[in-house]
Amino acid sequence: MELNYRSIFISDTHLGMNGVLAEQLAAFLKHVRCERLYLVGDIIDLWSLKARWRWPASHNQVIRRILKMARKGVAVMYIPGNHDDALRQYVGLDFGGVRLAMRAIHRTADGRSLLVTHGDEFDLVVQNSRLLSMVGGWAYDHLVTINRAVNACRAAFGLRRWSFAAAIKSRVKSACTFVSNYEAALLGEASRRNLHGVVCGHVHKAALVDREGGMIYANCGDWIERATALVEHHDGRLELLCVESLLAGAGIEVKRELSEPIELGTGEDAEVVT
């Protein structure tokens with residue numbers, strides 16, 4: 001079965017990190033067709049790879065799928081986030097058909113203009129304390145490891161995937177306030193640019209909402225706690241996909257990785273309009 005869209009936006013795949021839903025992502029990319037693919041930051045988790053090299057075959061398969069899409073004529077745009085910020089020095093360059101940019105302006109089929117950015121520049125914790133942010137990333141990585149074991153047990157009993165991190169964030173008032181302020185800051189930037197809204201990632205909280213004045217806030221979500229993607233249909237309509245449910249409903253098999261991954265020890269501003 002082929003899933004056909006005009007544009008696809010994915011973020012926060014964190015390839016190289018433990019607990020990534022890479023098999024689902026590889027299956028999704030294999031069965032979709034689109035004109036544009038936006039990689040909205042934190043695609044390769046260079047922070048995790050620097051601490052411990054972990055690169056399973058399924059992660060490599062995701063990269064191969066993306067490069068294959070680029071070879072077939074899909075316009076692939078990679079907008080680095082804070083976990084792959086080392087790639088920002090290469091913005092403006094093209095690698096195998098994948099173009100790097102700090103941000104982009106996407107024109108929908110129905111004439112709307114959207115700012116596409118990872119969003120970490122609107123996160124004061126990331127901007128003002130990289131060390132604190134990295135410690136938070138380390139703790140999150142370990143939480144994901146525990147969560148993966150819990151979900152393996154839940155799957156054995158036929159229960160749906162559950163996320164510790166999402167549950168914690170939904171109950172902590174400061175986290176809810178942060179997400180609200182983050183959204184407001186991004187929409188303020190889009191408004192300042194006279195755009196119709198924003199597509200972002202970074203906070204691992206998928207959303208697609210219309211705000212006051214017709215402004216659109218779209219967050220692609222992530223591929224750790226949830227497997228989500230934002231898509232644009234050929235008429236310009238935006239939709240947030242729960243990819244695991246989509247694949248199951250379409251009868252698309254997700255091939256699980258059988259072999260254990262190899263692990264080793266610790267080891268300029270540009271913008272485009274499309």
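No lab work stands behind these numbers, since they all come straight from the coordinates. Everything numeric here is computed off the predicted structure, so don't read it as measured data. When we count neighbours, we look across all protein chains shown, and the Cβ atoms used for this are built from the backbone with ideal geometry, even at glycine.
Put simply, the amide H of MET17, placed in the peptide plane, has neighbours under 5 Å in ASP45, leaving out anything fewer than 5 places away on its chain.
Between LEU208 and ASN219, the built amide H atoms are under 5 Å apart, and every one of these is 5 or more places off in sequence or on another chain. Working ranking of peptides 67-80, 10-23, 27-40, 221-234 by packing, defined as the average number of other Cβ atoms within 10 Å per residue, highest first, is 10-23, 221-234, 27-40, 67-80. Our coupling estimate for region 29-40, obtained by passing each phi through the Karplus curve with A = 6.51, B = -1.76, C = 1.60 and θ = phi - 60°, is 5, 5, 9, 9, 10, 7, 8, 9, 10, 9, 9, 9 Hz, Gly and Pro reported as x.
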